[in-house]
1. In region A:260-274, which residue that is aliphatic (A, V, I, L, M) and in a loop (DSSP other than H, G, I, E, B) is farthest from residue A:46 (Cα to Cα)?
2. Inside region B:178-210, can you point out the residues that are within 14 Å of chain A (Cβ to nearest Cβ) and in contact with a His (Cβ under 8 Å, 6 or more places away or on another chain)?
3. Within region B:130-160, count every residue that is under 19 Å from the mean Cα position of the chain (by Cα), modelled with pLDDT under 95 and not in a strand (DSSP E or B).
4. Test residue B:250 against the stated conditions and say whether it is among the charged types (D, E, K, R) and either within 11 Å of chain A (Cβ to nearest Cβ) or closer than 30 Å to residue B:64 by Cα (or both).
5. Among the residues of region A:129-158, which ones are surrounded by 18 or more Cβ atoms within 10 Å (Cβ to Cβ) and closer than 21 Å to residue A:118 by Cβ?
6. Scanning for something within 14 Å of chain A (Cβ to nearest Cβ), outside any strand (DSSP E or B) and closer than 22 Å to residue B:120 by Cβ, does region B:45-60 turn up at least one residue?
7. Scan region B:61-83 residue by residue and report those that are closer than 26 Å to residue B:147 by Cα and either hydrophobic (A, V, I, L, M, F, W, C) or not in a strand (DSSP E or B) (or both).
Amino acid sequence: MDVTRPLGTYSHFYWLMYLLAAAVLVAFALGVWLRIRRWRRGVGTLQERLHFWPRRGIDLIVDLVSHRRFRRATHPWLFHALLVWGFAIFFVGTLCVMLQENFSLPTFSGQWYLALSLALDLFAVLVLGAVFAAGWRRWIRKPEELSDVPSDSFVLVLIAAVVVTGLLLEGVRIAQEPRPWSLWSPMGYGVAMLLAGTDLQTLLSVHRGLWWGHLLLSLGLIAAIPFTRLFHLLASPAALFLKDETAAKALVPLDFSDEEAESFGVGSIEDFHWKRLLDADACTGCGRCQVQCPAWQAGKSLSPKAAGENLSALLAGHSLNGNLNESPVSFAGEVVGEEALWSCTTCRACELYCPVGIEHVSRFVDMRRFLVLTEARFPVELQTAFRGMERQGNPWGFDYKEKALKDGFPALADEPQAEILLWPGCTGIYDPRCRQVTIAFSALLKLAGVRFAVLGAESCCCGDAARRLGNEYLFQDLALRNIAALDKSGLQRIVTTCPHCLNTLNNEYPQFGGRFRAVHHTTYLRELLNDKRLEMAPPELSEAVFHDPCYLARYAGEVAAPRFLLDTVTRNPVELEKHGEDGFCCGGGGGRMWLEEKAEKSVADVRVDQILNTAVSTVATACPFCLTMLSDGMKRRDSEVRIADLAELLAENLIPLEKGGGDGKQGPSIDHGFYYDSDCKEERTQGNRRRG
Amino acid sequence: MIKICVLVKSVPDTASMPGISEDGRSVVVEDLDYVLNPFDEYAIEAAVQLKELHGAELTAVSLGGERASQALRSAFAMGINNGVLVRAPVATEMSGRGAAVCLAAALREMAPDLILAGKQAVDDDGAQVAERIAEHLGFAHASAVNHLEVKETSLTVKRVFEGGYMVLELPLPALVTTEKGINEPRYPALPQILKARRKPIDEFMVSEPVASLALGWEVESLTVPCPERRRQLLDDNVAAGTAQLADLLRQEFLS
């Protein structure tokens, strides 16, 4: 006897089944077409997102099978994986039936049939369990971040109904005609046991009813895909396949060659790139982005999820009036709320945790660009920063010639043998606290015998803040100035103490022909220690913790070098709960450094509280923004916890402090030749001596 | 429709430090970054707001050459419709008196109802050109106003001074110079900045006799002010420290 199950019992009805299937396919195609049509309202071509397509395909399959993107967060993910895996098995099972029945291939017989039967039954149970878990979350626990529209529940019930009718159908069939291998369908066998004794006629008519029920429900599920949240079955894999991994790292440049242009940036649906619109439809409202968003955690109104959902609703032609707290005065106001838009720190936590690879950050920058460039509407304090960058090449508006790094740092002209170019960024030059880091790092370079130079007045702000605040025009101006200066320097190896500069130099300047190789100072210091150009000293600090700057950990992927350095300065390196790629923003990125904090609680406050819960006395970081934001945050909490750059801690460890020079927390001493004072070096020195 | 002229000037960015020429008699301006005079921004913004409110024909007027036309383009970007570059018959440095003569010649022909200007240009801080022009044209004028309201045939302005303010009603035509605080000058939108670059600028050649524009004085020498900040730490004993401070102040006063 052939090991299989009877197929084609209702083949005389197949004409109707195919007719229904055709109708469902038409509805499905129509629904998909409508969605694609609305994405096509955006700009850009499909080709832009198809390069390296085999790689994209492999990544997508790994994403789907492994659920690696889901597993990054502490959010529950297993139930989703079971649904995906289960329906994949159901699809294979159905396909096998079709191949055997229509093409007489042995795809539904023999040992393969037994294994498949077992797998189908097993996954039917797992899928039911998953639906139960999902329902429990959605209807009982109701997590705040989870979006819930009525059709979401409908879909869950429909999935359960398809699986239950399938199992019952199997059970009734087995009850009619038990086989020796029926136990390979344990669930169906169980149902059959329950039906034992039912007369054949009843079984036959119940079977027919269930067959139709199962068929109609399954077809209904397929038809529902384009019209419910199930559409993510198509849109989310599409979003993953078509994603631009560098979207936030290297924002798309705007073209300013058309002097008659009336609009720049995104001020309407039509201005968006089509992928942003697809992203809006790919969102399932799981809310991971919202949970991870530091601005949201600080109690601000920014929710990356809401932005996507609002955009999707706008795409569907719904009006959002009344949906937002503020009355929308602009497209950005309607999509996310203008205040919320300015709260984004571009930390990329949302993007890291989004299971479907939505490019949140660039979506926000797109809308900021319109507000800044086309409408010139932005928080008023930014005007000073923009003007400063325009005129003096730094957001403070300090005179760049006057403040050039003449006191202590060697200029390129004085150091023709330089092996590296030190790029302190504008904070590392102008901000007195951050300048201490540049001094400490230079002292280490000097100790290691590294010959280095700075560009001084020829370079200006890298433009990271301008670009992420939406002032692309200003950014391009700054970028071109720097690229010209860097090209002229002839130095290829750049070491920067700022992760924001690092990202801009490495990932964004190539868009304008600047090909440089910048490394972060923590990476470089590790290299010096490994090469024995710097001698290790016994660690002195008791316990210390490293706060990962977003632009170092998430943008540049560098989490190891800072920890290597931390281990050299402390006997007891501790980790914060949120660290590494999973780190929590200081609140200074995305130009937030130049925006006033209007909310009661800042992102820095949240981070500072997390740090205080860890009970450490020293927090090391490696970014001037983190240094500033966290130091200010600690002051607001009246805390004694020290925030310092790793270069400062290392310098303190390796360079003996001059007795009486400073209070012991000021980094390397004056005699190392890099002491800086904004006004007058000599008098400050005297002042210090007197105090000593 | 009311016709408003706004006087604008390119001035060195106050953040940049000028040098002094070798003969010690003039400022080296070649390396300086020039920007629109910040007080003129208030005048432009006031004019643009009047246009938005009542409708007005706006013309920016600047005296000079290439640099002056940059000031006009900045004014365009902020919303001024027309620009007139006033070219002096001589390319020498002019005093406020000479500049006023040149600008008044142009403005007399343009016959505006209202002239707006910044209360002073932050380069030499002369703070006189606008008032001189008003006198040349016989316009009523008010300086350093921080509130402005235009009516049919007159305008009301408010001038704030230490301890109070005064409200003046001026008949049109009039000239008003703007003080900080009258408004928040807009950051121009990019499409306007790009369009401003190609906007045509009218030129007005001044035909006044050169002699009347002469500077009227000679510069003997220039020195850079030395913003010396001295730091002295005094005894942390309050009584001793206070005595030291008193001594220091006394020396400072006597010297």
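1. Initially, region A:260-274 is screened for residues aliphatic (A, V, I, L, M), giving A:261, A:266, A:269.
If we keep only those that are in a loop (DSSP other than H, G, I, E, B) as well, we get A:261, A:266.
On the way: A:261: 24, A:266: 19 Å.
Looking at the filtered set, the residue picked out is A:261.
2. Matches in region B:178-210: none.
3. The qualifying residues number 1.
4. Values: among the charged types (D, E, K, R): yes; either within 11 Å of chain A (Cβ to nearest Cβ) or closer than 30 Å to residue B:64 by Cα (or both): no.
So residue B:250 does not fit the description; no.
5. Those that are surrounded by 18 or more Cβ atoms within 10 Å (Cβ to Cβ) and closer than 21 Å to residue A:118 by Cβ: A:130, A:131.
6. Taking every residue of region B:45-60 in turn, at least one turns out to be within 14 Å of chain A (Cβ to nearest Cβ), outside any strand (DSSP E or B) and closer than 22 Å to residue B:120 by Cβ.
7. We begin by selecting, within region B:61-83, every residue closer than 26 Å to residue B:147 by Cα; these are B:61-62, B:71-83.
Answer for region B:61-83, where residues must be closer than 26 Å to residue B:147 by Cα and either hydrophobic (A, V, I, L, M, F, W, C) or not in a strand (DSSP E or B) (or both): B:61, B:71, B:72, B:73, B:74, B:75, B:76, B:77, B:78, B:79, B:80, B:81.
Residue by residue, here is whether (1) at pLDDT 95 or above; (2) at negative phi holds:
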position	(1), (2)
A:23	yes, yes
A:27	yes, yes
A:32	yes, yes
A:46	no, yes
A:49	no, yes
A:52	no, no
A:58	yes, yes
A:64	no, yes
A:67	no, no
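The values are calculated or read from the model by the stated rules, or taken from the named source; none is laboratory data. Since the structure is predicted, the reported quantities are computational estimates derived from the model, not experimental observations. Positions of Cβ are backbone-derived with ideal geometry, glycine not excepted, and every protein chain shown enters the neighbour counts.
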